[in-house]
Amino acid sequence: MQTSRARISLLAAPLLLLWTAADACAAGSGAETGPTDEGTAYRASQGDFDATGEIACAQAAGQPMRPCAFGVARGPGGEATVVVTRPDGTTRALFFAGGAFVSADTSEVDGYPEPSATKEADLNMIRVSSERYEIPDAAIVGS
């Protein structure tokens with residue numbers, strides 16, 4: 001059986017592409033697909049946020065947590081893309097499905113670190129390499 005692939009763009013800037021089996025995409029058409037107006041990652045990349053505010057974050061090991069600006073684009077069923085502006089002014093996108101953290105926008109420059117998350121009560125504590133983020137459920141699903 002031959003596997004076809006579909007290209008999915010998650011963010012417009014910087015461009016982030018993921019390749020997945022086409023049958024994992026809508027209707028398994030094998031056609032190249034891109035972001036749609038309905039996707040939270042696309043909306044977040046356009047600055048179309050449902051809410052903005054501050055969360056606690058730290059960019060380096062040993063650095064104390066500090067307030068970092070964020071914007072969140074929300075979708076149905078706990079789908080969300082949270083874009084955090086780190087202390088150095090760069091951004092990190094964090095992706096949620098069903099209200100739970102699923103991935104981050106890592107790159108070759110980052111060394112493709114494996115993100116991890118734990119949860120205490122309604123606080124999602126996320127690590128991407130030495131970066132740390134604390135995101136309350138209310139930011140992801142609304143209050």
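Return yes when Ala117 is within 17 Å of Met65 (Cβ to Cβ), surrounded by 14 or more Cβ atoms within 10 Å (Cβ to Cβ), small (Gly, Ala, Ser) and in contact (Cβ under 8 Å) with a residue 12 or more places away in the chain and no when it is not.
Working: within 17 Å of Met65 (Cβ to Cβ): yes; surrounded by 14 or more Cβ atoms within 10 Å (Cβ to Cβ): yes; small (Gly, Ala, Ser): yes; in contact (Cβ under 8 Å) with a residue 12 or more places away in the chain: yes.
Yes: the conditions hold for Ala117.
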Among (1) in contact with a Ser or Thr (Cβ under 6 Å, 6 or more places away or on another chain); (2) modelled with pLDDT under 95, where does Gly111 come up short?
(1)
Out of Phe49, Phe70, Phe101, Phe95, I need the residue that is part of a loop (DSSP other than H, G, I, E, B), closer than 19 Å to Ala138 by Cα, within 17 Å of the chain's Cα centre (by Cα) and modelled with pLDDT of 95 or more. Which one?
Phe49
Filter segment 129-143 for residues that are farther than 11 Å from Ala51 by Cα and not hydrophobic (A, V, I, L, M, F, W, C); the one that is surrounded by the most Cβ atoms within 10 Å (Cβ to Cβ) is Tyr133
Spot the failing condition for Thr106; the list is (1) β-branched (Val, Ile, Thr); (2) within 15 Å of Ile55 (Cα to Cα); (3) modelled with pLDDT under 95, and only one is missed.
(2)
If I ask for residues that are among the small types (Gly, Ala, Ser) and part of a strand (DSSP E or B), which ones from segment 73-92 would you list?
Ala73, Ala80
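The values are calculated or read from the model by the stated rules, or taken from the named source; none is laboratory data. The structure displayed is predicted, hence computed values, not measured ones. No Cβ is skipped: glycine too gets one built from the backbone with ideal geometry, and neighbour counts run over all protein chains shown.
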